[in-house]
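Working notes for the structure below.
The values are calculated or read from the model by the stated rules, or taken from the named source; none is laboratory data. Just so it is clear, the model here is predicted, and its values are computed rather than measured. Every residue, glycine among them, receives a Cβ derived from its backbone with ideal geometry; neighbour counts consider all protein chains shown. For accessibility, only protein heavy atoms count, side chains too; no ligands or nucleic acids. Shrake-Rupley method; radii C 1.70, N 1.55, O 1.52, S 1.80 Å.
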Amino acid sequence: KNIGLNTFDFKYQLISYNQRAKVFRGFHYQKDPFDQVKILLVHKGSIVDMVFPVNKEVAPKVQIFNLDAGDVLLIPSNYAHAYYTKTNDVILQYMMDKEYNESSYSGYYDSNFIKSNFDVKDIIISSKDLSLPSIELDFD
């Protein structure tokens, strides 16, 4: 499936603002038929961005990107997405090819991945993200 910009049909956008560093959000995605291709733009600050393919039989391999203001990342529709803020005052913009659909929202949480990749002292994780189903990710 071609997920390049030549096939991207912009339908929905949102802005995410994180006042503090050490915020972890994710891993989120939308299920078919509302699965979304996302274009992520970093307007301010720095993040660690993480994606992995969903619906795999084996532990999915996480791809990790260090992104700064001005960077752009294309996230395919079959990928779960998360980020960790490295700086205060992070502003992210998402452009998506389908609108948000609450009944299609899904995600995963892996405490081992977080503990192995980030300083968990003072980390901020929402109760919504903490309550996501757990998954064992491949991140070596």
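Report yes if some residue within segment 35-57 is touching a helix residue (DSSP H, G or I) at 6+ places or on another chain (Cβ under 7 Å) and either free of Cβ contacts under 8 Å to residues at least 24 places away in the same chain or buried (at least 18 other Cβ atoms within 10 Å of the Cβ) (or both); otherwise report no.
no
Would you point out the residue of segment 4-33, among those that are closer than 18 Å to residue 51 by Cα and hydrophobic (A, V, I, L, M, F, W, C), that is surrounded by the fewest Cβ atoms within 10 Å (Cβ to Cβ)?
23
Restricting to segment 94-118, name every residue that is among the basic types (Lys, Arg) and touching a Lys or Arg at 6+ places or on another chain (Cβ under 7 Å).
Answer for segment 94-118, where residues must be among the basic types (Lys, Arg) and touching a Lys or Arg at 6+ places or on another chain (Cβ under 7 Å): just 98.
What are the residues in segment 112-125 that are out of contact with any strand residue (DSSP E or B) (no Cβ under 7 Å at 6 or more places or on another chain) and open to solvent by 40 Å² or more (accessible area, probe 1.4 Å), if any?
112, 115, 116, 117, 119, 120, 121, 122 - these are the residues of segment 112-125 that are out of contact with any strand residue (DSSP E or B) (no Cβ under 7 Å at 6 or more places or on another chain) and open to solvent by 40 Å² or more (accessible area, probe 1.4 Å).
Which one is farthest from residue 7 (Cα to Cα), of the residues in segment 69-91 that are of a type in the set (Gly, Ala, Ser) and crowded, with 21+ Cβ neighbours inside 10 Å?
82
When segment 25-52 is examined, which residues are found to be under 17 Å from residue 132 (Cβ atoms) and part of a strand (DSSP E or B)?
Once the filter is applied, which keeps residues that are under 17 Å from residue 132 (Cβ atoms) and part of a strand (DSSP E or B), segment 25-52 yields 25, 26, 27, 28, 29, 30, 50, 51, 52.
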